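This report concerns only the one structure given below.
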Amino acid sequence: SHGALLMRHFPDACIQIRQLKQSQRASELSADQTEATVLTVNTHTVCLLSTRDDRRITYTHTLALTHTYKGRATPVPDVIPSGLLKEGVDPNHRHRLGWTALMVAAMNRQHSVVKVLLEAGADPNVGDHFNNVYDTSREKGIHSLEVLVSREDEFSSRLSSRAGFRNCTALHYATLADDPRTVSMLLEFQEAQARREAEERRRFPLERRLKEHIIGQEGAINTVASAIRRKENGWYDEEHPLVFLFLGSSGIGKSLTSFTPSTSLLGFIRMDMSEFQEKHEVAKFIGSPPGYVGHEEGGQLTKLLKACPNAVVLFDEVDKAHPDVLTIMLQLFDEGRLTDGKGKTIECKDAIFIMTSNVASDDIAQHALQLRQEAEEVSRRKLADNLADVQKVDDIKISRQFKESVIRPILKAHFRRDEFLGRINEIVYFLPFCHSELLQLVSKELSFWAKKAKQRHDITLQWDRPVLDLLAGGYNMHYGARSIKHEVERRVVNQLAAAYEQELLPKGCILRLSVQSEDQEERSTPSLRLEVVGEDSSSRMLDIRPPLSPEH
């Protein structure tokens, strides 16, 4: 029965409900009226308990419902939302019509529920997806009467069914309810949240967070971090989104740099622009117009931006997209809004748009190598003259003259329009890795495989500096970090797999990678060898036979 179910899950709530019932009887309410009041609370609680999916309660929005009788609101006992949140309910989960539990609690003056939800992680800054009864009815394919009843049940009949509430936050609803206590609570929470975020940014600057994932690219990291810092601290034009163009060779961190800021913001959207090379594929981008196949499905970008209008959006390999797609992106970059195939406008002025491209990558790489050679020559001369201000070889910058005389004509010839380039806030240049950065890449890749060896086979993998230098020689400027990854797989992982297959690796052993020249006199190309290190620190080289050898 419902009563037994309630008592088992929320005994304290049932006691409060029983006390509520007794107090209402004492105030000379009729028995029928009292039963109706308590039944309302019971019904909402049972609704929460019965809508489980894999033992997780998915419907949370009746947490804040009240039953009003003769102008007096009867709140849901505090233990009910607290218990449900402990059961794994997401405090930011949305009702199928678009609102959250915090909005309902704010509208119904449920101060204790607002406090519980905020402490559980409810976001007071999210906006309502519900517009009005009739628009929502058409969007969801639900009868308008059902939408109206759901809205009035959880909010109030005082709210107009024709007024638009899209993007209204809990603070808006608390203001509509004329509830200064909830308004004050939400404002104080937002101020405390802003202080915490500012302190977090001071302690862990974005440059530091980017460098945890990206090797090298000091100039690119500083440029991106400076622009995002302006946005995070309110020093930006709220009428226009931030737009970046990342240029450079493949495999040097362009996509990774675009993904990392999204961890500190709200979301990440990735669009592979190689899927939009034909004219007819523009419909996939924003949705098909009325009367065409796929009209009801909507566009790939518009659907995602509607769900998360302040996300970091990556347009990967934008140089492969059809020119008509670039035309659509003009409006997106300039005004921060996009009209889909159904004629609806999506506002995304708070989004950050990042495009990556391999256009002019060879020119950028050659120019960077030339700058490094010049920096090395200057450093050698200064060292010879015992000068203190020796320039770091890694610290090089693309000259303005090179950008204007070489890069811009290439971009203009490819994208065919100045207005498109004029909407880009920053063009960020990613340069080839120097030798010290290559050593970091090799060490990172070896550490990855050492972790796998320990987890899967209980084998400890060690190496020394000459191994890093040897593997760094496999770097290909055109393929970036991927060439280092492939070199490690060819020269190290292949040997490990063959040795394991031939049962040469005892469980729990220590393996050491070392460099060995096959012919010391002829000074041939050195190779890598595997050694098993014993308990007395002695080493034994493994004799790994080729898979196709006659003895195998």
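The values are calculated or read from the model by the stated rules, or taken from the named source; none is laboratory data. Please read all numbers here as calculations on a predicted model, not as lab measurements. Ideal geometry is used to build each Cβ from the backbone, glycine not excepted, and the neighbour counts take in all protein chains shown.
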>> As an exercise: evaluate Gln373 against (1) outside any helix (DSSP H, G or I); (2) modelled with pLDDT of 75 or more; (3) not β-branched (Val, Ile, Thr) and give the number of the one condition it does not meet.
In response: (1)
> With region 411-524 as the region, which helices (runs of 4 or more DSSP H) entirely inside it contain at least 3 residues that are of a type in the set (A, V, I, L, M)?
Replying inline: 435-457, 465-472, 481-488, 494-501
>> Contact list please: Cβ distance under 7 Å, first residue in region 230-256 and over 28 Å from Asp319 (Cα atoms) and surrounded by fewer than 22 Cβ atoms within 10 Å (Cβ to Cβ), second residue charged (D, E, K, R) and at pLDDT below 85, pairs at least six apart or on different chains.
In response: Glu232/Arg201
> Out of all the residues in region 341-370, which are part of a loop (DSSP other than H, G, I, E, B), within 24 Å of the chain's Cα centre (by Cα) and at pLDDT below 90?
Replying inline: Cys348, Lys349, Asp350, Ala351
>> So in region 138-163, with the set limited to residues that are part of a loop (DSSP other than H, G, I, E, B) and exposed (fewer than 12 other Cβ atoms within 10 Å of the Cβ), which one is nearest to the chain's Cα centre (by Cα)?
In response: Gly141
